[in-house]
Amino acid sequence: GEAVWRDNEELFEKFAEQLVSAVLSTALTSIDANVRMDSLHALCRLSHYMSPQRLEQVLDRSQVCELLSALLSTEGSAPRMMALALVHVHMTKAPDAMRP
């Protein structure tokens, strides 16, 4: 994964930039649990591989906060674990993007 990303970084960064908003929107609005989890996995991977600068540019703080609060308030443990993984990645790579 990371070697392929480094070899094609510019292409993947542009693709990821366009994909983040779609994946975030799908994770927020999907009523299908499988689609939501797939979107969350994609968002975690995109967030992990994107550069901190690009991640800060494409993150919509209000949407991310809305998604995290929805995930943390669910009954299942899988969505809550995904929320914690997203918090970790975003606070590690783009802490300024999540500050008011």
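The values are calculated or read from the model by the stated rules, or taken from the named source; none is laboratory data. From a predicted model like this one, the values you see are computed outputs, not experimental measurements. Note that each Cβ is placed from the backbone with ideal geometry, even for glycine, and that neighbours are counted across all protein chains shown. Only protein heavy atoms, including side chains, enter the accessible area calculation; ligands, DNA and RNA are left aside. Shrake-Rupley method; radii C 1.70, N 1.55, O 1.52, S 1.80 Å.
Which part of region 70-97 falls in the paramagnetic zone of M37, meaning amide N under 17 Å from the point 7 Å along Cα-to-beta-carbon? Answer for this model: 71-86. Secondary-structure-derived ellipticity at 222 nm for the chain, considering helices only, amounts to -25500 deg cm²/dmol, per-run term -39500 (n - 2.57) for DSSP H runs with n ≥ 4.
Put one equal scatterer on each alpha carbon of region 48-100, apply the Debye formula with no solvent term, and list log10 I(q)/I(0) at q = 0.13, 0.16, 0.22, 0.29 1/Å to two decimals. For region 48-100, the Cα-only Debye profile gives -0.30, -0.45, -0.80, -1.15.
Each principal axis of the chain carries a Cα extent, and these read 40, 30, 19 Å when sorted largest first.
If each residue of separation counts as 0.36 nm, what is the full-extension length gain between S30 and E66 once their alpha-carbon separation is subtracted?
Numbers: separation 36, 0.36 × 36 = 12.96 nm, distance 1.36 nm.
11.6 nm is the gain from fully extending S30 to E66.
For region 43-100, the share of accessible area belonging to carbon and sulfur comes to 55 percent (1.4 Å probe, ligands and nucleic acids excluded). Membrane-span-like helices of the chain, defined as complete DSSP H segments with a Cα extent of 20 Å or more along the helix axis and a mean Kyte hydropathy of at least -1.0, are identified as 9-29, 33-49, 77-93.
Please give the FRET efficiency for S73 paired with D96, using the beta carbon to beta carbon distance and R0 = 41 Å, rounded to the nearest 0.05.
0.95
Its Cα centre serving as origin, the chain has a Cβ charge dipole (Lys and Arg +1, Asp and Glu -1) of approximately 220 debye. Taking label points 7 Å from Cα along the Cα-to-Cβ direction, R45 and N8 give a separation of 1.2 nm.
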